[in-house]
Amino acid sequence: MTQSYGKAGEILRAVGFELDHLGVAVRSLDEGVKFYRALGFSEMPIEEVPTEMVRVGFLNLDNQASIELLEPTSDESPIAKFLAKRGPGIHHVCLRVKGIDEIALKLKAAGVRLVNETPRPGAHSCRVVFIHPASTGGVLLELSERS
Ligand code: ZN
């Protein structure tokens, strides 16, 4: 799969992107937020994302990016599986893009391994596609388009 690193990178570079957020898996939002409260984050809007079986809390940074804490709502949640395997920690990096449908088609055509080939609903009514770590050098990469 090494050859698809370059392809995913070239496609994303051509369409443009910004860092949207870092996703951090936590066992519970109450526990997970403690460090960030100490960092000075006082607000954490919470949203449930049924498609991912998670509750997410957003810590918004001044530079338009954010940190997303993800708490599983079911043992079947990908986050529950991640926590069981590795414990709490960085789960994914999210890049904000425009034209996500077309980008997903291009990535798929280039042989990039996608977790979901069709954009699906994420938090904040965004639409998201996940690129498998095998195609990014080891990091689960979320692409997100704001509606
Ligand atoms: Zn995310």
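So here's what we get for this one:
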{"item": "Hypothetical label at Leu61: residues of region 106-143 whose amide nitrogen lies under 16 Å (7 Å Cα-Cβ projection)", "result": "142"}
{"item": "Full-stretch length increase - Glu43, Glu102 - with 0.36 nm per residue and alpha-carbon distance subtracted", "result": "17.8 nm"}
{"item": "Anisotropy class of the chain from Cα gyration tensor, a/c 1.5 cut", "result": "prolate"}
{"item": "Lysine pairs with alpha-carbon atoms under 23 Å apart, the chain, spacing 8 or more or separate chains", "result": "7"}
{"item": "Crossing angle, helix 3-15 versus the chain [Cα axis fit, 0-90 degrees, rounded to tens]", "result": "80 degrees"}
{"item": "Unit charges on C-beta of K, R, D, E only; dipole of the chain, Debye", "result": "480 debye"}
{"item": "DSSP bridge orientation in the chain - percent antiparallel, rounded to nearest 5", "result": "75 percent"}
{"item": "Estimated 222 nm signal from helices in the chain, with DSSP H stretches of n ≥ 4 weighted -39500 (n - 2.57), rounded to 500", "result": "-8000 deg cm²/dmol"}
{"item": "Helix 100-109 axis, angle to the chain major axis (alpha carbon atoms, nearest 10°)", "result": "50 degrees"}
{"item": "Relative contact order (%) - region 20-92, alpha-carbon pairs under 8 angstrom, separation at least six", "result": "43 percent"}
{"item": "Percent of beta bridges antiparallel (DSSP, region 20-92, rounded to nearest 5)", "result": "75 percent"}
{"item": "Relative contact order for region 18-147, counting Cα pairs under 8 Å that sit 6 or more residues apart, in percent", "result": "25 percent"}
{"item": "Coil-residue trypsin sites (Lys or Arg not before Pro) of region 36-110, DSSP, other Cβ within 10 Å capped at 15", "result": "Lys98"}
{"item": "Carbon and sulfur %, accessible surface of region 1-111 computed with the full protein complex present, 1.4 Å", "result": "53 percent"}
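The values are calculated or read from the model by the stated rules, or taken from the named source; none is laboratory data. All values reported here derive from a predicted model rather than from experimental measurement. Every residue, glycine as well, gets a Cβ built from its backbone with ideal geometry; the counts of neighbours run over all protein chains shown. Side chains included, ligands, DNA and RNA excluded: accessible areas come from the protein's heavy atoms. Shrake-Rupley method; radii C 1.70, N 1.55, O 1.52, S 1.80 Å.
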